[in-house]
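Below is one structure, written out as structure tokens; the observations come after it.
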Amino acid sequence: MEKLKPKLFSVMKTYSKEQLIKDIVAGIIVAIIALPLSIALALASGVTPERGLYTAIVAGFIISFLGGSRVQISGPTAAFATIVAGIVAEDGMSGLALATIMAGILLIIMGLLRFGRLLKFIPYTITTGFTLGIAVTIFIGQIKDFLGLTFKSAPVETLEKLAACVESITTINLQALLIGALSLAILILWPKINRKIPPSLIAVIVAAAVVRLFHMDVNTIGSLYEITAKPPTFSLPTINITMINKMFPDAITIAILAGVESLLSCVVADGMVGSRHRSNMELIAQGTGNIFSSLFGGIPATGAIARTAANIKNGGRTPIAGMVHSVVLLLVLLLFMPYAKLIPMPTIAAILFIVAYNMSEWREFVELLKKSPKSDILVLLATFLLTVIFDLVVAIEVGILMAAILFMKRMSEVAGVQSWSYLEDEASEDQDPDHIRMKRVPKDTLVYEIDGPMFFGAADKFMNISLDAHVRTVILRMRSVPAMDVNALRALQHVLKSCKKRNITLLLSHVQEQPLKAMQKAGFDQELGLNNFCENIDQALERAWQLHEEGKVKVS
């Protein structure tokens, strides 16, 4: 059973002076990256700039200290921007703080009950749909500042903002557009020149300098918001039964988002550093971090994949790097925050355009539209459209409900009852002439039989396949798999990639109609090779023996 122990306490046993230096350097670099992002995401969330820094400082430090990952960097992320903006517009910072505290408590309970692995039950189509939906809402929300438009009202809903942009297009500020275009060009081109210094920092400095030197008529953070350089201070929100009931749906959404996003970031980080995170401890850390973030004026936080990757690439290998990143941001807040008032709003919009593009996963969205079964496409589109038209709460609730109903429908269509007659009252499985124990199997061949439908809740069972050094052939016997969805297909693709890396031949035996159609639609049959599809186990074993004999010839 997974230990409920922070990774920090484990890594400190072998900590060295050399790694401390690397962690400090990585923490400073990540802080530089996080600075403009934290401010931009705070503004996108409808709160003042310093609240983004409060989040990165308080939640970032606590989550690194208690977290289940060696290298996770946490803070404000784009995933929360639209839902936070909606809560703040309707219930103010007090309502947001209460919802975040409740979400934190839910995350801690999930961790203590060891629900970390249960988050896999949220289908990939839903996470892809609402991720693109969030990206679109962020993009639309920044058109006003990028073009320097003047609105007659202050719309909250995404479609209302889009309509207001169209109505106010005649108020476009060409100087603001020029600064926005300059910032966007820097954000796109700078990484091709220098990958060490974050492009967002360069864009902020250059754009602020241009606006200041040429006295341009462009809105800045200072002209719209009051900048404070005070450290985060403790504040308890209003708590009563009415508010708890009202904010509970938002709390559930924040908890799900924080859990999914943070554990996804942990999985990506594990692949980069060859480690293994503790999912339940990470949930407890995320919950604690979010509670304290809200108590000290911050907004919801979760694992940030881009900042985590930057930490790893710059040598960070322990939670110390994440803690250093928070301390550096606190020093910046106290010493340099007044200079943030010079940052032009079109530059903030340009930064958020790039954030929206990077998080959108539009290629995966298009790929799913092309290659997924109709039921998965329906869930994908519904989740995306509901996120844009309504909000994330509605999208996730309806998406999960649709996925469950469509899955049950799919299972009802393929379910059947088959009677068996035995020679004896209690028959041994060895009496089945097709049972693998009745067959001759080469020593370098593994045979796995998959039993039952493969869907988003069972797709990870493919990952239990062992690929030892002596194995040359793996046979997946699929006579008992009546249906599979896109999640299972993605897992099968991962198995194929692992086999190819180890020069192992993957054979599929007795693939039924629906799984075969799904494989053909996704092009998996071409990736595997048509000659590696076998009609039955006898044909698969015959091919395995051929490969076995060929291997003996090559060895000799």
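If you check K7, K17 for being more than 18 Å from P231 (Cα to Cα) and buried (at least 19 other Cβ atoms within 10 Å of the Cβ), only one passes: K7.
Assess whether M247 counts as being of a type in the set (A, V, I, L, M), assigned to a loop (DSSP other than H, G, I, E, B) and either assigned by TED's automatic domain parsing to the domain that holds L177 or closer than 19 Å to H325 by Cα (or both). Walk me through it before giving the result.
Numbers: of a type in the set (A, V, I, L, M): yes; assigned to a loop (DSSP other than H, G, I, E, B): no; either assigned by TED's automatic domain parsing to the domain that holds L177 or closer than 19 Å to H325 by Cα (or both): yes.
In short, no.
Applying a threshold of 7 Å to beta carbon distances and a minimum spacing of six or more residues, or different chains, the list of pairs starting in the stretch 209-227 at a residue that is within 21 Å of I351 (Cβ to Cβ) and assigned by TED's automatic domain parsing to the domain that holds I351 and ending at one that is among the hydroxyl-bearing types (S, T, Y) and crowded, with 16+ Cβ neighbours inside 10 Å reads V211/T220; Y225/T48.
Test T288 against the stated conditions and say whether it is part of a helix (DSSP H, G or I), under 17 Å from the mean Cα position of the chain (by Cα), hydroxyl-bearing (S, T, Y) and closer than 28 Å to A103 by Cα. Taking the combined requirement at face value, the residue does not satisfy it.
Within the stretch 301-318, the presence of at least one residue that is in contact with a Cys (Cβ under 8 Å, 6 or more places away or on another chain) and crowded, with 21+ Cβ neighbours inside 10 Å is confirmed.
Look at V71 and say whether it is part of a loop (DSSP other than H, G, I, E, B) and aliphatic (A, V, I, L, M). Here the answer is yes, as V71 does meet what is asked. Considering the conditions (1) in contact (Cβ under 8 Å) with a residue 40 or more places away in the chain; (2) surrounded by fewer than 22 Cβ atoms within 10 Å (Cβ to Cβ), V166 is excluded by exactly one of them, (1). Residues in the stretch 136-193 that are assigned to a loop (DSSP other than H, G, I, E, B) and not hydrophobic (A, V, I, L, M, F, W, C): G148, T150, K152, S153, P155, E157, S168, N173.
Among the residues of the stretch 13-39 satisfying the criterion of being free of Cβ contacts under 8 Å to residues at least 40 places away in the same chain, part of a helix (DSSP H, G or I) and not basic (K, R), which is nearest to A321 (Cα to Cα)? My answer is I21. A Cβ distance below 6 Å, combined with a sequence gap of six or more or placement on separate chains, defines the contacts here; from the stretch 433-453, residues that are closer than 28 Å to A469 by Cβ and surrounded by 18 or more Cβ atoms within 10 Å (Cβ to Cβ) reach residues that are modelled with pLDDT of 80 or more and of a type in the set (S, T, N, Q) in the pairs T445/T473.
Going by what's in this entry, would G259 be described as crowded, with 21+ Cβ neighbours inside 10 Å, assigned by TED's automatic domain parsing to the domain that holds M323 and in contact with a Cys (Cβ under 7 Å, 6 or more places away or on another chain)?
Details: crowded, with 21+ Cβ neighbours inside 10 Å: yes; assigned by TED's automatic domain parsing to the domain that holds M323: yes; in contact with a Cys (Cβ under 7 Å, 6 or more places away or on another chain): no.
No.
Could you please let me know if I32 is of a type in the set (A, V, I, L, M) and modelled with pLDDT of 95 or more? So I32 does not fit the description; no.
If I filter the stretch 62-92 down to residues being surrounded by fewer than 24 Cβ atoms within 10 Å (Cβ to Cβ) and not aliphatic (A, V, I, L, M), which single residue comes out as farthest from F130 (Cα to Cα)? That would be F65. Only a single item in (1) closer than 27 Å to S360 by Cα; (2) crowded, with 23+ Cβ neighbours inside 10 Å; (3) of a type outside the set (D, E, K, R) is not met by Y124, and it is number (2). Looking across G60, G67, one residue alone is in contact with a Cys (Cβ under 9 Å, 6 or more places away or on another chain) and modelled with pLDDT of 95 or more. It is G67.
Take the conditions assigned to a helix (DSSP H, G or I), free of Cβ contacts under 8 Å to residues at least 60 places away in the same chain and either more than 15 Å from L106 (Cα to Cα) or β-branched (V, I, T) (or both) and apply them to V260. Does it pass? Taking the combined requirement at face value, the residue does not satisfy it.
The values are calculated or read from the model by the stated rules, or taken from the named source; none is laboratory data. Since the structure is predicted, the reported quantities are computational estimates derived from the model, not experimental observations. Positions of Cβ are generated from backbone atoms using ideal geometry, with glycine treated the same way; all protein chains shown enter the neighbour counts.
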